[in-house]
1. How many residues are surrounded by fewer than 15 Cβ atoms within 10 Å (Cβ to Cβ) and out of contact with any Leu (no Cβ under 9 Å at 6 or more places or on another chain) if we restrict to region 183-206?
2. What's the number of the condition T231 fails, among (1) surrounded by 15 or more Cβ atoms within 10 Å (Cβ to Cβ); (2) at pLDDT 95 or above?
3. Report, by residue number, each residue of region 94-109 that is touching a strand residue (DSSP E or B) at 6+ places or on another chain (Cβ under 6 Å), closer than 21 Å to T232 by Cβ and in contact (Cβ under 8 Å) with a residue 60 or more places away in the chain.
4. Only residues in region 32-49 that are without any contact (Cβ under 8 Å) to a residue 40 or more places away in the chain count as the first member; pair them with residues that are not basic (K, R) and not in a helix (DSSP H, G or I), Cβ under 6 angstrom, at least 6 apart or cross-chain, and list the lot.
5. Is it true that S63 is closer than 27 Å to E130 by Cα and of a type outside the set (F, W, Y)?
6. Can you tell me which condition G76 does not meet? The list is (1) in contact with a helix residue (DSSP H, G or I) (Cβ under 7 Å, 6 or more places away or on another chain); (2) free of Cβ contacts under 8 Å to residues at least 12 places away in the same chain, and all the others hold.
7. In region 165-183, what count of residues is obtained for those that are free of Cβ contacts under 8 Å to residues at least 24 places away in the same chain and in contact with a His (Cβ under 8 Å, 6 or more places away or on another chain)?
Amino acid sequence: MPKPTPRYNLNDLLAFVTVAREGSFTRAAARLGVTQSALSQAVSGLEARLKIRLLTRTTRSVSPTAAGERLVQTIGHRFDDIVDELDALTELRDKPAGTVRITCGDHIIRTTLLPKLAPLLLEYPDIKVEFDVNYGFRDIVADRFDAGVRFSETVDKDMIAVPIGFDQRMAAVASPAYFAKHPKPKTPRDLVNHRCINIRFPTHGSLDIWEFERRGRKLRIRVDGPVIFNTTTHIPDAAVGGLGIAYLPEAEFAPHLEEGRLVRVLEDWCPPFSGYHLYYPSRRQPSPAFSLVVDALRVENPSGSEHR
């Protein structure tokens, strides 16, 4: 008689994958809408049936073992595919529905995403958009985001990238009060003698290196200064307060430049570049809700930089 094939509870497998990805029973329980106790029992039961430990638990964190990591890589994307297919079934409904998760920065939410998506969300009340504010380069596939927002040149080539903003320029700025005490830099190299306001990116933990270009000549400058942030949100205010020179896309300084609270320098070293793009995996089967979000955000970019 053939040996019976063991049966595994798919809920237990989903519980394990979610805990492994979240690195926390607390966050995984919140995402799945169950108690931490139920989640712990499900994972323990799965480990008992497989007779192998899948997670390493400490008082501060949870991480997959080698066997657990192998299982996540093998089955994790299959759950994602199931969710995508279930979302696609909303085509059979009268109105698109579902949650669209987007990882991005603060500024693009305030200036682009929310203004463009607000009318859509009012028209389609069954659509939800979840914003994840993060300045690291999130792996949108592994972290189960529907899409992310970056500048075009930082988007991986295996992604579909849709322009959602026009071409931009970087801007080096400081307050009139700062330049009353310090000479304006004539070249990017002069910045090493200035107080600069910088950002530390969470992806790699290092300070931003300021990049400039003029007539094909590129310079990368390491700067120093009195204050460092891990997001861009407060950098314009720090510059207005006279703390030093700041360097961000010019749109983030726009109101301060228009009203004279900030002064721009090194303009000839800041050529235009392709602006913000919404990107998502090329293998994704878009749900109606996601397709509506993309259409609401898309712009006709002068550089024609939409790619696949």
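1. 8
2. Every listed condition holds for T231 apart from (2).
3. Once the filter is applied, which keeps residues that are touching a strand residue (DSSP E or B) at 6+ places or on another chain (Cβ under 6 Å), closer than 21 Å to T232 by Cβ and in contact (Cβ under 8 Å) with a residue 60 or more places away in the chain, region 94-109 yields I102, D106, I108.
4. E47/L54
5. Values: closer than 27 Å to E130 by Cα: yes; of a type outside the set (F, W, Y): yes.
So S63 fits the description; yes.
6. Result: G76 passes all but (2).
7. Looking only at region 165-183, we keep the residues that are free of Cβ contacts under 8 Å to residues at least 24 places away in the same chain, and these are 180-183.
Subset that is in contact with a His (Cβ under 8 Å, 6 or more places away or on another chain): 182.
Total meeting the criteria: 1.
Let's see how each residue does on (1) among the polar types (S, T, N, Q); (2) at pLDDT below 90; (3) touching a His at 6+ places or on another chain (Cβ under 6 Å):
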residue: L122; (1), (2), (3): no, no, no
residue: F137; (1), (2), (3): no, yes, no
residue: I140; (1), (2), (3): no, yes, no
residue: R144; (1), (2), (3): no, yes, no
residue: R150; (1), (2), (3): no, yes, no
residue: T154; (1), (2), (3): yes, yes, no
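The values are calculated or read from the model by the stated rules, or taken from the named source; none is laboratory data. These figures come from a predicted structure and were not determined experimentally. A quick note on method: Cβ atoms are made from the backbone with ideal geometry, for glycine too, and the neighbour counts reach across all protein chains shown.
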